[in-house]
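What follows is calculated from the coordinates using simple rules that are stated; it is not laboratory data. Computed from a predicted structure; not experimentally measured. No Cβ is skipped: glycine too gets one built from the backbone with ideal geometry, and neighbour counts run over all protein chains shown.
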Amino acid sequence: MTGPSEGGVRYAYGLSIPQTVEDVVDPGRLAVIIYDMQVGIVRQIPDSARIVENCVRIRDMAREKGFRVFYTRHMSMPVAAAGVSQLRTAMEWQRKDDPNEVQAAFPQGSAQYQLVPELAPGANEVVFDKIAMSAFVGTPLDIVLRDLGIDSFAIAGIALEVGIEPTVRHATDLGYLPVMVTDACGAGHPEAAERAYATLAFAGGSRTTDTAALLDLMKRTS
């Protein structure tokens, strides 16, 4: 049984089902997630200055309009405390055959582990540390968003093909409508990033927009 629709929203069985980015850009239902904008990661991306600038623009508009802002930060376990998966991943990323030769790339508290200064969190903003690629694995993010009644988020940061894609895929399984801000998502490998966007588009359940369009929608909120 279906009812009348308004804008992109569809109604059925007592539920309102958002379809478009415009449907979810409201401080009561959408958060902003700034993904892994750390010193040691940002410097690896060729167009990092543009990504930082767009993340700052989105973050500043979110603050002005009352959208909640959350940050993620990748943390490396000390190698002696790392497990099998952590060591295997480190070996692959650092191109080492011997696990005794790997180093912790982003040890907690190190200079490269810190968020870039332009994206320092405000007093009412939270940083979630993680050791996995999905921002929902091993962090309170899902609990926090659900407790706020938030069912969607705009995500920006680095890197699209490594961490943002698995975060978005995980989010759709959890029932969120994730929105990737394409010109605020950096990538180390453009071809891999294009494959990630194509895979997510094929799978469905997520949306894309750009910074200008998102800012325009955020400005309209009261």
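Table for the structure above
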quantity	calculated
For H189, H170, order by how many other beta-carbon atoms lie within 10 Å, fewest first	H189, H170
Relative contact order [Cα under 8 Å, 6+ residues apart], the stretch 17-77, whole percent	51 percent
Relative contact order for the chain, counting Cα pairs under 8 Å that sit 6 or more residues apart, in percent	25 percent
Charged-residue dipole, Cβ positions (Lys, Arg, Asp, Glu), the stretch 1-70 about Cα centre, Debye nearest 20	180 debye
Computed helical MRE - 222 nm, the chain, DSSP H runs ≥ 4 contributing -39500 (n - 2.57), nearest 500	-10000 deg cm²/dmol
Stretchable slack from E53 to R10, in nm (0.36 nm times residue separation minus alpha-carbon distance)	12.0 nm
Cα centroid separation - the stretch 101-177 against the stretch 15-47, whole Å	10 Å
All lysines inside 20 Å of K65 as judged from Cα atoms, apart from same-chain residues fewer than 8 positions distant	K219
The chain, dipole about Cα centre (Lys/Arg Cβ +1, Asp/Glu Cβ -1), debye to the nearest 20	280 debye
Estimated FRET transfer efficiency (K219, I143; beta-carbon r; R0 30 Å; 0.05)	0.50
Counted charge near M61, where neighbours are those whose Cβ lies closer than 10 Å (Asp, Glu -1; Lys, Arg +1)	+2
Leading residue at positive end of dipole, the chain (Cβ point charges), from T72, G122, P190	G122
Peptides ranked, highest mean first, by Cβ atoms within 10 Å: ranges 45-51, 208-214	208-214, 45-51
Cβ crowding within 10 Å averaged over residues, with 126-132, 94-100, 25-31 ranked highest first	25-31, 126-132, 94-100
Per-q log10 I(q)/I(0), the chain, q = 0.07, 0.14, 0.16 Å⁻¹ (Debye; single scatterer per alpha-carbon; no solvent)	-0.23, -0.86, -1.11
